[in-house]
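Remarks on the structure that follows.
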Amino acid sequence: MSDNLEIVGFDLGHGESALAHTTLVSANEPEPLSIHNRPTVLSVVGVGAEGRVAIGENAVRQSEHMAEMFVRFKALPPADGPWPGERALVLFVGGIVRELVESRQIPRIEDARVFVGVPSGWTGESDSARRLERYRAALRAAGLLHVEFVPESRAAFMQARESGELQLGLAQLSGQVLVVDLGSSTADFTQVRDLHPLPLDFGNNALGAALIEQTLLRHALERHEDARRLAAFYDRHPARHAYDELSWRTLKEEYFNAESAGNAEPRARNIFAFELEDGDELLLRAVVDRAAMRAALAEPQPALGGIGWREALQNSLTAARAGIGGNPDLVLFTGGASRMGFVVQDAQAIFPGTRVVRGKAPELAIAKGLAWWGRARLRAAAFTAEVDALCAQPPEGPSAIGTVVRTELPVLLDALAPAMARGLAEQVIIPWGRAWRTGQLVTLREFEHATEVQAANWIESDTGHAAVAEAAQAWLVRLARALETLTDPICDRYRLPRRALVIEATTHVSGELMAGRTADSLNFSHVQGIATVVNLVTAAVVASLVGGGGKALLLAGPVGWVIGFVGAAALLFAGQKAAREAVKGWNIPVLARRAVISDERLLRKVREGVPEIAGKLRAALSEGPAEDLAHAIEAQIRAALLTRAEDALVRLG
């Protein structure tokens, strides 16, 4: 994948559209792309009598000379059958592609990766996959050959996180965030937790702010003394109707700008002149004041189930709160419609105590966020491919990761064996040796059986697990340093901190591991990084030493320890030629036991024998589970590294 791969974020909006650009290895914020020397373009396309296509304000200015004029054509296509907006979409996007190529901003648009924003609600529609594929085909016909769809509210969150324009710290964004994108055609919601989007994506496909300006225009027409003639004029000139709707959108924005500036009586005005076919001229005086806006917001809308726009927004926010299960830590609004002052007020009422913020430059937020998102996704794919290559096993031997694991594995076994030997000596052999010495156990055979059973129990206990986990955790710190020699060059190539792939040693060991469960019942799915690998090592060691024939590997016949340490007195009493099996069945008098083996001597003998115990354990681990353990650790390291790779790029952008 080329380092200079062009990445475009395309916010194809109902009222206006915006695009932003970056490259695969760029470290800078995405830059807006200009259409007709402006960072945004009206989503309008017209076709002249001679077939020439004009978009944006160029189309609006020539509207009276256009044979066809299209506005508000953004919609999810039907799965089959006629799609009224398809021609308009292809013409509009084709015009944008032509502008980008001719202006040399994206000269090879056919190679660019384009991330197009879509409302989250689209994905919940029936046959959404087929319908989105039809949408993709239309974009391809317009000249965008490599398209990926991204929920618009996710892109808004990406922009807020990466740009830093809202001065929100990582701690605030790492909590539970509700992102609300209010556009001209839809309202889009996404829940984000710990910087990752969750499956709450939903939206209201009808709750677009365009309904407000359409209602303002309709109310003005209804109040006009020549309402019928004006309505007839609009019927004959749909292009002019589209143009005037956009003008009312401007009036709406002027009203809310005045309101946010503290104007006690916010108001926006304009005069529309109509030259009728009979030579008459009509004037429509447009006034958007508080009364007009309240009426427009309260007007029952058939598209919203017969309720007003503001009430529909409140209902959607309430539904989002229910979906989250309470108040989020942060509510982030974006999209041009979020500038309406009541939006933040209503959100603060519905989410009491929650911080509610509105993005800056909402007209560019989605496009930039899409470019951020696209760069992160493509870099993640390339980055993880390189990490995956480290883990790929060639036919002739282990992978690069596997080689490091196998090189370092003896160090783990060298640490495990003495740690376990010390624990077994102190927690098992000495207590039961004292029990035999004081007559609580009658024979050495009982001692042998007790130590075998208790050794297995100790290894499966919390303290046994902890002994294995402590050695494993220290070893994994060493292993991580060895792995860095492989991962550092990859981090350097992608301009990431070298520790982006480190398996952090501070990760706590899973509490479930310490619950005394057997190796087969442990579940590692909820822990990550070093805790997962520590759990894996612990479970593998425990299973190999106490499962099935593992007890024989563990103790190698405990009589070797029993007679070697404690049974020395019995050998002296019976003579060196006595059979060991016979000795194990003898009931040696307690006074003899105490006389020959004092408590101090018992402790000394057992502790002196720890290296012998460790040697037997080391041999058992090497001959039994070592290769299986290496395979398991390699697989877990691979999974941990790939997770960190995805994490590093999605989090760092």
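The values are calculated or read from the model by the stated rules, or taken from the named source; none is laboratory data. Keep in mind that this is a model prediction, so the values were computed, not measured. Ideal geometry is used to build each Cβ from the backbone, glycine not excepted, and the neighbour counts take in all protein chains shown.
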**Request:** Give segment 40-61 a look and list any residue that's in contact with a Leu (Cβ under 9 Å, 6 or more places away or on another chain) and not in a strand (DSSP E or B), or say none.
**Result:** SER43, GLY56, GLU57, ALA59, VAL60
**Message:** Which of the helices (runs of 4 or more DSSP H) found entirely inside segment 358-448 contain at least 1 residues meeting this: at positive phi?
**Reply:** none
**Item:** The one condition in (1) without any contact (Cβ under 8 Å) to a residue 40 or more places away in the chain; (2) closer than 29 Å to ARG593 by Cβ; (3) buried (at least 16 other Cβ atoms within 10 Å of the Cβ) that THR354 fails to fulfil
**Value:** (2)
**Request:** Being under 15 Å from ASN270 (Cα atoms) and aliphatic (A, V, I, L, M) is the filter here, so list the residues in segment 214-252 that pass it.
**Result:** LEU216, LEU217, ALA220, LEU221, LEU246, LEU251
**Asked** Are any residues in segment 322-336 surrounded by 15 or more Cβ atoms within 10 Å (Cβ to Cβ) and out of contact with any Leu (no Cβ under 8 Å at 6 or more places or on another chain), and if so, which ones?
**Response** ASN327, ASP329
**Asked** Any residue in segment 331-341 that is among the hydrophobic types (A, V, I, L, M, F, W, C) and free of Cβ contacts under 8 Å to residues at least 12 places away in the same chain?
**Response** no
**Request:** Working carefully through the options LEU33, LEU24, find the one that is farther than 16 Å from LEU89 by Cα, at pLDDT 90 or above and surrounded by fewer than 24 Cβ atoms within 10 Å (Cβ to Cβ).
**Result:** LEU33
**Qualifying positions in segment 316-326 - in contact with a helix residue (DSSP H, G or I) (Cβ under 9 Å, 6 or more places away or on another chain) and at pLDDT 90 or above** = LEU317, THR318, ARG321
**Request:** Restricting attention to segment 560-610, report how many residues are of a type outside the set (A, V, I, L, M, F, W, C), modelled with pLDDT under 70, loosely packed, with under 15 Cβ neighbours inside 10 Å and outside any helix (DSSP H, G or I).
**Result:** 3
**Request:** Might you let me know whether segment 32-39 holds any residue that is without any contact (Cβ under 8 Å) to a residue 60 or more places away in the chain and closer than 27 Å to ARG130 by Cβ?
**Result:** no
